[in-house]
Amino acid sequence: FTRLKGPSPRKVRFDAAQRMIVDGKPFYAWGVYVHPLDKEVKFLERLKGGPFNCVIECGATPAMLDKFHSAGLKVIPKSSLNVNWAESCAKRLRSHPALLAWYIADETPVNDLHKVIRIRENVSAADIWHPTYAITCRPEDFP
């Protein structure tokens, strides 16, 4: 992963103290997991006005982002390991006001790392405004 030199043009960035900055203001992401297949978001009313300010891993569609935006929540949608899908999704959703970041990999095995790197490169090129992140549950794979 790369670090930018100098000020970032991103809508979402991290400052020198590693604080998330959203639209020029500090933002502490306090999220709740929403399964990508939960298209109805049955508990959306409970999220409105609650302690969370973002949802993580929801479906990456304009309709889903619209739902969360109307509830006052930011979104970190999950990508698939399909490079073309991830890139087209980033192009389609990069201007959505609810978008906070891209979740490009969830506990991906090290043998799929080449896919994660390519997805990160393509998503970052398609959407220069939002950061990407990945999760591993196998720290022993990354000495």
Signed unit charges on C-beta, dipole axis of the chain, positive-most listed residue Met20, Met64, Gly50: Met20
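Roughly how many percent of the accessible protein surface of the chain is carbon and sulfur, given a 1.4 Å probe and a whole-percent answer? Intermediate results must be reported in sequence, preceding the final value.
Values: 4820 of 8530 Å².
The nonpolar share, carbon plus sulfur, comes to 56 percent.
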Residue of Ile119, Ile56, Ile21 that the Gaussian network model of the chain assigns the largest fluctuation, springs spanning Cα pairs under 10 Å: Ile21
Stretch gain in nm, segment Asn84-Glu45, where the contour uses 0.36 nm per residue and the Cα spacing is subtracted: 10.7 nm
Cα-projected label distance for Ala63 with Ser95, points at 7 Å along beta-carbon direction, nm: 2.2 nm
Residue of Leu44, Leu99, Leu81 that the Gaussian network model of the chain assigns the largest fluctuation, springs spanning Cα pairs under 10 Å: Leu44
Rg/Rg_ref, the stretch 77-143, where Rg_ref = 2.2 N^0.38 Å and atoms are Cα: 1.09
Amide N proximity, the stretch 62-93 versus Asp23 label position 7 Å along Cα-to-Cβ, cut-off under 16 Å: 66-76
Residues with amide H under 5 Å from that of Asp106, placed H, sequence gap 5 or more: Ile135
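From the protein chains alone at 1.4 Å, what is the descending order of accessible area for His130, His35, His114, largest first?
Numbers: His130 5, His35 85, His114 115 Å².
Sorted descending by solvent-accessible area, the residues read His114, His35, His130.
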Solvent-accessible area per residue for the stretch 31-143 (1.4 angstrom probe, square angstrom): 52 Å²
Test item: Cα-centred dipole of the chain, Lys/Arg +1 and Asp/Glu -1 on Cβ, debye: 500 debye
Share of alpha-carbon pairs per 10 Å distance bin for the chain, given as whole %: 11, 41, 37, 11, 0
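The values are calculated or read from the model by the stated rules, or taken from the named source; none is laboratory data. Note that the structure is a prediction, hence the values are computed from the model and not measured. Every residue, glycine among them, receives a Cβ derived from its backbone with ideal geometry; neighbour counts consider all protein chains shown. Surface accessibility is based on the protein's heavy atoms, side chains included, excluding ligands, DNA and RNA. Shrake-Rupley method; radii C 1.70, N 1.55, O 1.52, S 1.80 Å.
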